[in-house]
Amino acid sequence: MTKRWKVRPQNSNWGEFGDDDQIGRLNLITSECRRNAAKEVIEGLAFCLSVPLDLPGGNLLVSNRLPPTRTIARKEGRPFVNFPFCCDNPDWNDIGSDDAVTIYTQYSTQWDALGHIGYEFDADDDGVAEVVYYNGYRGGRDIVGPDAEGGAGARRLGIENMAETCVQGRGVMVDVFSRFGADRKFVGYDDLMQIMEQDKVVVERGDMLCIHTGWSTAVVERKDNLDTQLLHESHSVLDGSDEKLLRWIDSSGVSAIIADNFAVEGFQTSSADGSKRFPALPLHRRCIVELGIHLGELWLLSPLNAWLKAHGRFRFLLTAPPLRMPGSFGSPLTPVATV
Ligand code: UVW
């Protein structure tokens with residue numbers, strides 16, 4: 001056990017799941033939660049919750065995140081496509097194809113690892129701020145760049161920690177799209193509570209909260225004709241500057257938050273009169289750094305949402321492990337909902 005901070009951020013839970021904890025609020029998905037989630041499987045229908053992983057296409061959404069590229073493996077100087085397994089044995093007429101894909105882990109349907117976001121904070125109380133991550137892990141020691149011995153990555157808080165929990169539990173859908181449609185709307189606590197009350201949605205400790213905005217469905221539909229208006233200025237985003245919303249996220253006991261938009265929340269600027277200043281992504285800060293709540297982004301929620309609505313339901317079994325890729329800051333995935 002290593003105590004790595006003297007002072008923790010005001011709204012954080014650092015230490016509460018153990019001084020060396022690396023999975024945060026996934027600790028709340030207990031075996032009882034999984035049993036309750038399994039009770040949601042009534043019809044035996046499954047829904048794919050990822051968009052095709054080469055979407056949104058191009059790099060209009062984030063300039064440093066590029067679409068996946070495929071390389072064909074080679075053997076004996078030839079591309080390994082329709083390749084005979086063995087040339088000596090006449091009975092072995094099996095054929096194989098192998099490829100390699102370079103994928104930016106945050107490009108498409110993905111989880112953010114707890115090592116993805118940090119900020120500067122004076123955790124050792126010496127008057128100088130350090131780069132800190134969830135539970136006081138440090139930039140430069142636990143999250144390291146390409147000059148580090150052994151290479152860049154998350155020595156702590158990498159996505160493999162999430163994968164090892166299997167990420168299976170109960171999902172709860174909140175349909176923000178049906179209220180606000182395709183207009184850009186910063187959804188705060190009051191909006192969310194109204195929708196949940198109207199739709200009789202209840203969130204319990206350990207649930208994974210899914211926010212349906214309709215954004216990824218529009219992206220899939222317009223994939224050959226995307227523009228920055230659709231990508232950056234349409235559909236709902238959570239309002240991370242709403243402290244009431246952030247406090248509710250904490251007290252609700254949600255184990256993870258997922259949205260079918262780019263970043264769950266919208267980017268913040270200071271208020272028009274300059275009287276209030278915010279970090280760029282305050283919900284990321286509260287969730288990922290302070291509370292250890294993983295964020296799922298760019299998921300595809302519309303087909304599941306439509307089915308749930310048509311059947312008067314809002315809960316489902318969610319199975320959503322990321323890749324068990326040691327040291328990664330995030331991971332693509334193909335989550336599955338079963339109802
Ligand atoms: C950024 O890192 C900008 O966003 P996200 O965590 O939503 O991928």
Item to check | Whichever aspartates and glutamates have a C-alpha closer than 14 Å to that of LYS39, once near sequence neighbours (fewer than 8 apart) are set aside | outcome: ASP207
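Is it possible to state the helix-based mean residue ellipticity at 222 nm for the chain, with each DSSP H run of 4+ residues giving -39500 (n - 2.57), the sum divided by total residues, to the nearest 500 deg cm²/dmol? What is it?
-4500 deg cm²/dmol
Trypsin sites (Lys or Arg not before Pro), restricted to the range 1-86: which are DSSP loop and have at most 11 other Cβ atoms within 10 Å?
LYS3, LYS6, LYS39
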Checklist entry - Within straight cross-link reach of LYS200, meaning Cα distance under 12 Å, which aspartates and glutamates are found once same-chain residues fewer than 8 apart are removed? => result ASP175
Checklist entry - Cβ under 11 Å from LYS3's Cβ, LYS3 left aside: what net charge do those residues give with Lys, Arg +1 and Asp, Glu -1? => result 0
Checklist entry - What whole-number value in Å² describes the accessible area per residue of the chain for a 1.4 Å probe? => result 48
Checklist entry - In straight Cα distance, which aspartates and glutamates are under 15 Å from LYS244, not counting same-chain residues fewer than 8 positions off? => result ASP190, ASP191, GLU265
Checklist entry - Any idea what the dipole of the chain comes to, in debye rounded to 20, about its Cα centre with Lys/Arg Cβ at +1 and Asp/Glu Cβ at -1? => result 400
Next on the checklist: Rounded to the nearest percent, how much of the accessible area of the range 181-339 (1.4 Å probe, protein heavy atoms only) is carbon and sulfur?
Outcome noted: 51
Next on the checklist: Show me the trypsin sites (Lys or Arg not before Pro) within the range 237-339 that DSSP assigns to loop and that have at most 16 other Cβ atoms within 10 Å of their Cβ.
Outcome noted: LYS276, ARG277, ARG313, ARG324
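Quick one: pull the percent of accessible area on the range 27-115 belonging to carbon and sulfur, 1.4 Å probe, ligands and nucleic acids left out.
That fraction is 52 percent.
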Item to check | 10 Å Cβ shell holding at most 15 others, DSSP loop, chymotrypsin sites (Phe, Trp or Tyr not before Pro): longest site-free stretch of the chain | outcome: 93-266
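The values are calculated or read from the model by the stated rules, or taken from the named source; none is laboratory data. Given the structure is predicted, the values throughout are model-derived calculations rather than measurements. Note that we place each Cβ from the backbone using ideal geometry, even for glycine, and neighbour counts take in every protein chain shown. Just the protein is used for accessible areas: all its heavy atoms, side chains included, with ligands, DNA and RNA removed. Shrake-Rupley method; radii C 1.70, N 1.55, O 1.52, S 1.80 Å.
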